[in-house]
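The values are calculated or read from the model by the stated rules, or taken from the named source; none is laboratory data. Model, not experiment: these values are computed from the prediction. Counting neighbours? That spans all protein chains shown, and the Cβs are built from the backbone with ideal geometry, glycine included. The protein model used for the area step is the full one, side chains on, heavy atoms only, and it has no ligands, DNA or RNA in it. Shrake-Rupley method; radii C 1.70, N 1.55, O 1.52, S 1.80 Å.
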Amino acid sequence: MFRIKTLNKISPAGLSVLDQTRYSISGDVENEDGILVRSADMHDYQFPDSLRAVARAGAGTNNIPIDRCSEAGIVVFNTPGANANAVKELAVCGMLLASRKITEGNAWVKAQLAEGTDLEKVVEKGKSQFVGPELSGKMLGVIGLGAIGVQVANIATKLGMTVFGYDPFLSVDAALSLSRLVHRAMDLDTIYKNCDYITIHVPQTPETKGMINEGAIHMMKGGVRILNLARGTLVNDDDMLAALESGKVAAYVTDFPNNKILQGKNVIAIPHLGASTPESEENCAVMAAQELRDYLENGNIKNSVNLPTLVQEWSGVSRLCIIHRNIPGAIANITGVLSKDGVNVENMTNKSKKDYAYTIVDVGSRVNDQVADEIRALEGVLRVRLLNH
């Protein structure tokens, strides 16, 4: 019986993926094999020795101590693309809000009503202060062409926009999904210098933190409209406030409001609603549960943020799943143990991701715990799991 702890409320659609006869699931379970989490902060969480995997029902993993998980041989999954449609729709909404002064107009209408004004008499005269441009015919720059960025770029072409996309790490799947109407920008300067609207869809890394700063804004067109539905830290608040005050930036839409940025004019702050749809929460929960199940039952890893993707069909009786450091001689040491103990390898795959590696070994006969223990004792090995078909 696998024990799964939920640190947030997880959609029933996700929990139904896990066979109730094989999984015990609750927020109170102890010595858990896996964790399902959304936004709960895990940085002070004490990992039990039994914990093998954490599945985040969402894309961002800032709430999870990735380095500590890696050192403990714990796989961390996320669910890229599961919330892409929800964020795409909010991005379209954000561009319209930044253009048409809808929120200001709505507030003005309600103020007139509160003052007892006859709205039918004042609307035609008052509407001129809320005039804003159309999206059609404008240039949009999409920074980051992952699952979300591709969808935003594609739908913007259907709105009549000329779209430039920038992503130095564009995947094959994303490239195949990208509309032929989207122009590939080879550098960020192309986006900054030419686009009327800029929307950011990149993860937070040391390289992207504060990427929208005084230098970047200086290159932009006057009156540019910027959307940040990715991470608040991607934009330098002080530089954005100065650009809003000067009019260099006509509007800033952020899904990550804070007390400082709300002091600026023409800031449209959304309370982190990017993935807050019933459909998105269900999609994320289902994908997270599927990833967790496939790892616990089969040792397969897909969509991990700290370990490589490795999916291998069963071709033996027993399977050894080994998380180890990416160091010279690791594979030779593993096969040396198997050879010494007379274990015949049916299939073996090794993949690495920066400092860590993962190896799956299928063997033709049932392996005992002694072999697994010998591999655990090898230099650089962080975790060994023995699965039987």
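Give me the orientation-averaged projected area of the Cα convex hull of the stretch 11-157, in nm², one decimal.
The directionally averaged projection comes out at 14.6 nm².
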### Query
Normalised by the number of residues in the chain, what is the relative contact order in percent for Cα pairs under 8 Å and 6+ residues apart?
15
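Please give me the summed charge of the neighbours of K260: other residues whose Cβ is under 15 Å from its Cβ, Lys and Arg +1, Asp and Glu -1.
Taking every other residue near K260 into account, the sum is -3.
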### Message
Under 10 Å, Cα contacts only: if you run a Gaussian network model on the chain, which one of S339, S318, S177 comes out with the highest mean-square fluctuation?
### Response
S339
### Task
Assign one of three labels to the stretch 147-194, namely rounded, prolate or oblate, based on the Cα gyration tensor with a ≥ b ≥ c the square roots of its eigenvalues; rounded applies when a/c is under 1.5, prolate when it is not and a/b is larger than b/c, and oblate otherwise.
oblate
### Task
Given a cut-off of 26 Å, name the pairs among K138/K260; K127/K248; K209/K353; K88/K110 whose C-alpha atoms lie farther apart than that in the structure shown.
K138/K260; K88/K110
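By per-residue mean of other Cβ atoms within 10 Å, what is the highest-first order of 20-27, 67-74, 372-379, 354-361?
354-361, 67-74, 372-379, 20-27
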### Summary
With all protein chains present, the chain has a carbon and sulfur share of its accessible area (1.4 Å probe) in percent of 49
### Query
At 222 nm, what helix-only mean residue ellipticity would the chain give, in deg cm²/dmol to the nearest 500, using -39500 (n - 2.57) for each DSSP H run of four or more?
-9500 deg cm²/dmol
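When you count, for each residue, the other Cβ atoms within 10 Å and take the mean per peptide, how do 131-141, 149-159 rank with the highest first? If you can, show how the numbers build up before the last one.
On the way: 131-141: 16.5, 149-159: 21.9.
Highest-to-lowest ranking by the protection proxy: 149-159, 131-141.
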### Task
Provide, in order from the shortest bin, the percent of all Cα-Cα pairs of the chain in each 10 Å bin, continuing until the bin that contains the maximum pair distance.
5, 20, 25, 21, 15, 9, 4, 1, 0, 0
### Euclidean distance of C-alpha centroids, the stretch 44-73 and the stretch 134-153, integer Å
32
## Note on the structure
Probe 1.4 Å, heavy atoms of protein chains only: per residue, the accessible area of the chain in Å² is 48
## Note on the structure
Expressed as a whole-number percentage, the relative contact order of the stretch 1-138 with C-alpha contacts under 8 angstrom and at least six residues apart is 17
### Message
Please compute, over every Cα-Cα pair in the stretch 237-337, the percentage with a separation greater than 19 angstrom.
### Response
67
## Note on the structure
Across 5 Å bins beginning at 0, the whole-percent shares of Cα-Cα pair distances in the stretch 317-389 come to 3, 17, 33, 27, 14, 4, 1
### Query
If you average the sequence gap of Cα pairs under 8 Å that are 6 or more apart and divide by the length of the stretch 173-258, what percent do you get for the contact order?
28
